[in-house]
Amino acid sequence: MNKRMQKLLSVFTAGLFVLQSASLVATGVFAEDAGTAEVVKHTPTLDAKLDDQYKKSYKTELDTSVLRLRKTGNAASSAIINKYAEFKGDMAATAYYLWDDGYIYVYADVTDSTVPTAEVQEPMYQDIITFAVWNGNAENYDTTSAEVVINGERNYAFANTKGDTAVASNFSKAYGTATESTEYVTKVKNDGSGYIVEARIKVDGLAADSTVNLALGGNDKVATYEMCSFGFIYDKDDSTSAAYKTVKLAGPRRLPGEFVIKATAAIDGQMDEAYNKTYFVTGDHTEVNFLWDDGYYYMYAVIDDSTAANGDILYLSLQNKDKNDPFWKEACALEFDLNNGTAKHTIEFGDAYKGVGYNFALSGATEPTPATEYSITRTESGYIVEARIANKAMATGKEIDFGYGVKNDGAWYDGLGNNDTATWQELYNNKKGTIITCGAGIQSDDNPTEGNIVKKGTPELDGRLDGIYKDSYKIDTIELIKEHNLKTGWVNDVPQLVKDYYKAGLIAENSDKSQFLLADGKLDSDFLVRAEIYFLWDDDALYIFTKVHDNEILDVCAETGCTPDDLVTAVGASDLLLCNESLIHDVIPLQNQELAMRLGANPAGTYGDQKACAGYDNRDQCEYLEGVSEISDWVHVSEISKRNNLSNFASEYHIEDGYYTVELRIPITERDYAGTTIKNQFLHTGEKFDYGLFLYDARTKAYSSSFSGASAQHFMQLQMDKNITMVLSGEEAKLPDCEHEWNTEFTIEKAATCTEPGERSIHCSICDEVKPGSVEVIEPLGHNYVDGICTRCHKVQPVTAKKYTPSLDGVLDEAYLDSGSIKASELAKNGKLSLGWCNSENTIGKLVDAGILSDANSSALLPGGDYTSSAFADAEVYFLWDDDALYIYSKVYDDDILDIASAEYFKGDASNLYTIAGDYPWINDIVTHTINPLANQFAVITASGDAYGHYAWDNSNKDGGGWSGLCYFQNSSADQRIASAENVKTTVNLEENWYGVELRIPITDKDFGGTPLKDALLKDGGYIDYKYQLTDGVKKPFGSSFKGFQCEWWMIYVSEALRVDLSGEAPHTEHVWAEDYTVDVAPTCTEAGSKSIHCTHPGCQVIKPDSTVEIEALGHDWSEEYTVDTPATCTIVGSESIHCKRCDAQKPDSAREIPLAKHTYKDGKCEVCGHVNGDVNGDGQLDTADLVRLMKYIAADGKDIEAKFPDVNEDGEVTTADLVRMMKMIAAG
């Protein structure tokens, strides 16, 4: 028999069963008597969830001390009570009440694990909960009361009334009729122990400070035994029932805020006003309120406990919420001995207390926790506990896992914790804590007066240092060095630079390891890159302006020949671009790492926030998410996103002056954050952020001409060791006062490029401000094409293919010569050609020896290489087109032309050339043209032809329905291969070491955006993106039907994408030769020149065969006058010689000396060299020792006697006259 049944039986045997007509009064928790019980005003959502406001309001327990019979209402006999216990009857219920202007709300938690299995027809025989409401007096009870009956297991509800009443008018009036689901909700507990009921009962005339009568009852049928009832029995009890409780309707209670407010509380046991606006948690006997600031979590707890005892204890457990950190990383478990007024750690989890709660005494400490950290106050109704708990990780948006437990007289009384597990164990092991979030504070408009203050102002985003920046906070990397806060980071293959740093005393070791820069080193070294960083902010964004002083500025665009727009449109552009001249700003708003931004920028034109990438550790899986800034990452995002980034970016190169600038606008998102928006919370006076810098100093040109990581191969990264904390101020940044002195020369603000205009203006020589009205536009320079490459921007001159149908015979027709063309060596000289797949170490070695490759592992062909080397296979490529096809003629200069048919496998049976299985013949002497019609990357033609014209195929035409009419070799039949080969003809000239491949590429009618490709492309104004590829076999071919047909060794050269425009203009097919010679190479004094007859057609550069003649060298034209080569001084003999008037060469044997110049003495000392006149022994003074030395010198005729400037009187010779002059000088003093 359970304890409650024993209690029921004892009540019965004591004679209380005589109270057959009444149930015991339900007891209220929040009041000692009926007159003080209060129902709180609040409108909850009917969702079967216990709102916090219910916990603050009147609640009652179902009185189960008297078991009654449902039929009669009489008290049950002992036999029935015993049967109820035998069949495990366990009904219990707790009901909570609220009210508003139209309803009484009730939430009931019902325990009832014995549900009848048989279907019953009447509610009298079903398990129910009854809520009686009476809003009148005894005289009008029938018209002012109702009994709401709800079955939580079968989900029905109705109202039982004794008369015509408006109470519970929202419920149906009889069992079997439906009540709207909007009026109540039921939920069966998952463990089968009972059910939850929440309902609203319509009552008119409710008002604050008035009273209403409430009663609770319930039925419980066990097995097939008689229905048992507790408390109020509907349809039996009336106004005389002792179950009724008269309660007062009170006003609304304080609602918890959604977040914990940022405010600093005084630890004095008094409830600060800020606590009334913050988040709090409530239990049965406890309310805990929270605040926070930059260093502490504040807790104000009110505990109901009318009896003080030594076992009264409040336990608190907190851990900083971080999915990557275990519980013991930053956590604490504290206990407050309420009756004795002490506080300490209950237990320590390693060093976890060093992050949270380190201001409290440890569990085994002899020294108590300082009284400044907590307060315990005894009140009439219990205790008030206030404390501040130190926390190193406080920030807006920070989540903290919190749990509390209360013991009363040594027994668990409220919150987490039980006899088996402590509060901290319930929090950590059983995950029963509450996640509380640090929200926005009550922000002050007072401007800060201390700290690193960033002032408010909106600069012009133009890459120039606006004057208002100078009135705000600034970081100088030289000062960082002096503060021991700058060190080397990623050092990549710059041994000479490291050595320079070491010799200048800037680093302690001659090593590329990370090490601090030293303040006692030569901070003015020209190779030490230096940055000045300025900060501003406004209501929408943070601004960072960086001026970087660098003695060797490298521009990734200039080095790779791209334009800034190419950085946006290039597929696969990566953040490795940052390894060139570039920088990264780490910005941590509100000092909250979860809001961190990592803003990387390159002055050439890249800008991205790496923290906007979801997979930062795996960039290939990067997925754009909304970051804290409105700047996207630069990797794996659309062109639109990149252009949006660059609308917040500006930069300038000032290479002649030794610096570049990068100006960034960092717009902050309005995403919801801790009850406000990130922008509103961060961009406000008084808010702080942490800042860190990474600075890349490139020391060699970018090594890749593609944009899949076009980065400098050699660079040094400098980085801050510790972040700097800054604070925003609403004070407006002001322009410095200046009495301007305007320069007479223009300053180039933005250099004009080939395609973009520049800008220049007059600056103030004092403050650098731009003179109003002085800004002028510099017109674009235009391209300066030499051999098809712009000498300024290295852009390849667009090739124009003219319309003409050539004879497909392998011969370079005149029409090709008058159409567009490219030359491989010119591409290489301008960084547009690279080495692809290669397995010939010998040939690579020759390319390195020729300066074409920097080393055996590199791929970029160097502009300064010797492209006349036989190791390099040069080529000229010509273009034509007609209404059906593209025509490409490739003239390849190769000293080892290989024929696939020479392989042993094909000897005696040429047909095998077209019946081979397996691989295709792609590694021989082959020219491949990769074509994207109309620059469409999804329409690809990869057309190839071999040196001897055996094959023509399209390696992109795998399904036979491609964009060209050439076959895909591997899947094609012999007949298809033979038919495709009709589109290639070649010429092989073994004597002159060249071959020509003329390839016809028929274009198909495949649908291309609603138009056949042939019609869309092959017309005046059509164009293609084109890549040249040459496979140069360097050892004889081999093959079998299974292993493919290829050379053993090979080199593959690949160009960048070039544009070829199609023009409807026809080429001329016959040259018109000029009557006069054109000088092709002008002769010099020593070198012969050449001249030839040229074609007079506009744009045609063809030279008439056999017309080139030599122009003899001019010979030197010697001047009659001498030219001073080295001017003479009073200490150095000069020289002069006869020079050529044309080339300034020196005539052999014409050099002669220029005698020493005379000293310029003043007060006996030369103003130029500092020599004391007469000081022939060089001791710095004139005395008799010099007289003796001069005598010896004259006597020895200058032999074996050293004398410094012995010609004292400077007459051109050393004689006794000099002795006389010296004696007079000595005598004169």
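We did not get these values from a lab; they are worked out from the coordinates using the rules stated. Only a predicted model underlies this, so the values are computations on that prediction, with no experimental measurement involved. Here Cβ is always computed from backbone atoms with ideal geometry, including for glycine, and neighbour counts include all displayed protein chains.
Computed quantities for the displayed model
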{"read-out": "Full-stretch length increase - GLU1120, ASN784 - with 0.36 nm per residue and alpha-carbon distance subtracted", "value": "116.9 nm"}
{"read-out": "Sequence of TYR893, TYR696, TYR275 once ranked by neighbouring C-beta atoms within 10 Å, starting from the fewest", "value": "TYR893, TYR275, TYR696"}
{"read-out": "Furthest towards positive pole of dipole, ILE129, SER890, VAL587, structure part the chain, Cβ charges", "value": "ILE129"}
{"read-out": "Footprinting exposure proxy for ILE196, ILE553 (fewest neighbouring C-beta atoms within 10 Å first)", "value": "ILE196, ILE553"}
{"read-out": "The chain, dipole about Cα centre (Lys/Arg Cβ +1, Asp/Glu Cβ -1), debye to the nearest 20", "value": "4700"}
{"read-out": "Relative contact order (%) - criterion: Cα under 8 Å, at least six apart; region: the chain", "value": "5"}
{"read-out": "The stretch 452-732: relative contact order as a whole-number percent, Cα under 8 Å and 6+ apart", "value": "25"}
{"read-out": "Amide H within-cut-off set for LYS245, under 5 Å, with H built and near neighbours excluded", "value": "LEU214, ALA215"}
{"read-out": "Per-residue ³J(HN,Hα) for the stretch 1133-1142, Karplus 6.51 cos²θ - 1.76 cosθ + 1.60, θ = phi - 60°, Hz, x for Gly and Pro", "value": "6, x, 8, 8, 7, 8, 10, 6, 5, 8"}
{"read-out": "Residue (of GLY788, LEU835, PRO806) at the positive-pole extreme of the stretch 755-852, dipole from beta-carbon charges", "value": "LEU835"}
{"read-out": "Charge context of ASN1209, other residues only, Cβ under 12 angstrom, K/R +1, D/E -1", "value": "-2"}
{"read-out": "Two-site label geometry, LYS1199 and ALA207: point separation in nm, points 7 Å out along Cα→Cβ", "value": "14.0"}
{"read-out": "Cα gyration tensor shape for the stretch 799-1062, rounded if a/c is under 1.5, else prolate or oblate", "value": "oblate"}
{"read-out": "Sequence-distant lysines (8 or more away, or on other chains) whose Cα lies within less than 27 Å of LYS802", "value": "LYS823, LYS829, LYS832, LYS891, LYS985, LYS1006, LYS1014, LYS1019, LYS1027, LYS1104"}
{"read-out": "For the stretch 452-732, alpha-carbon Rg over 2.2 N^0.38 Å", "value": "0.97"}
{"read-out": "Ascending count of other beta-carbon atoms within 10 Å, so fewest first, for SER980, SER77", "value": "SER77, SER980"}
{"read-out": "Cβ-Cβ FRET estimate between GLU460 and ASP191, R0 fixed at 60 Å, reported to 0.05", "value": "0.35"}
{"read-out": "Folded to 0 to 90 degrees: helix 1184-1195 orientation relative to the chain principal axis, Cα", "value": "40"}
{"read-out": "FRET efficiency estimate (nearest 0.05) - Cβ-Cβ, LYS392 to ASN429, R0 22 angstrom", "value": "0.35"}
{"read-out": "DSSP beta bridge pairing in the stretch 794-891, given as percent antiparallel to the nearest 5", "value": "85"}
{"read-out": "Longest to shortest principal axis, alpha-carbon extents of the stretch 258-351, angstrom", "value": "44, 31, 24"}
{"read-out": "Computed label-point distance, nm, for sites GLU273 and GLU745 using a 7 Å Cα→Cβ extension", "value": "6.4"}
{"read-out": "Of LEU646, ALA698, GLY463, farthest towards positive along the dipole that unit charges on Lys, Arg, Asp, Glu beta carbons give the stretch 452-732", "value": "ALA698"}
{"read-out": "Total formal charge among the other residues, if their Cβ is under 12 angstrom from that of SER1090, Lys/Arg +1 and Asp/Glu -1", "value": "-3"}
{"read-out": "Formal net charge of residues neighbouring TYR502 (Cβ-Cβ distance under 15 Å; K, R +1; D, E -1)", "value": "+1"}
{"read-out": "Rg/Rg_ref, the stretch 90-249, where Rg_ref = 2.2 N^0.38 Å and atoms are Cα", "value": "0.99"}
{"read-out": "Potential extension, GLU992-THR1108 segment - 0.36 nm per residue separation minus Cα distance", "value": "39.9 nm"}
{"read-out": "Helical contribution to [θ] at 222 nm, DSSP H n ≥ 4, -39,500 (n - 2.57), averaged over the chain, rounded to 500", "value": "-2500 deg cm²/dmol"}
{"read-out": "Label-point separation, SER363 to ILE766 (7 Å along Cα→Cβ), nm", "value": "7.0"}
{"read-out": "Too-long pairs where the Cα-Cα distance tops 32 Å, listed order kept, from LYS1199/LYS1224; LYS503/LYS642; LYS846/LYS958", "value": "LYS503/LYS642; LYS846/LYS958"}
{"read-out": "In Hz, Karplus ³J(HN,Hα) per residue of the stretch 649-658 (6.51, -1.76, 1.60; θ = phi - 60°; x = Gly, Pro)", "value": "9, 8, 8, 8, 9, 10, 5, 5, 8, x"}
{"read-out": "Rounded FRET efficiency, nearest 0.05, which uses the C-beta distance separating ASP538 from CYS738 and R0 of 25 Å", "value": "0.60"}
{"read-out": "The stretch 260-441 shape via C-alpha gyration tensor axes, a/c threshold 1.5", "value": "rounded"}
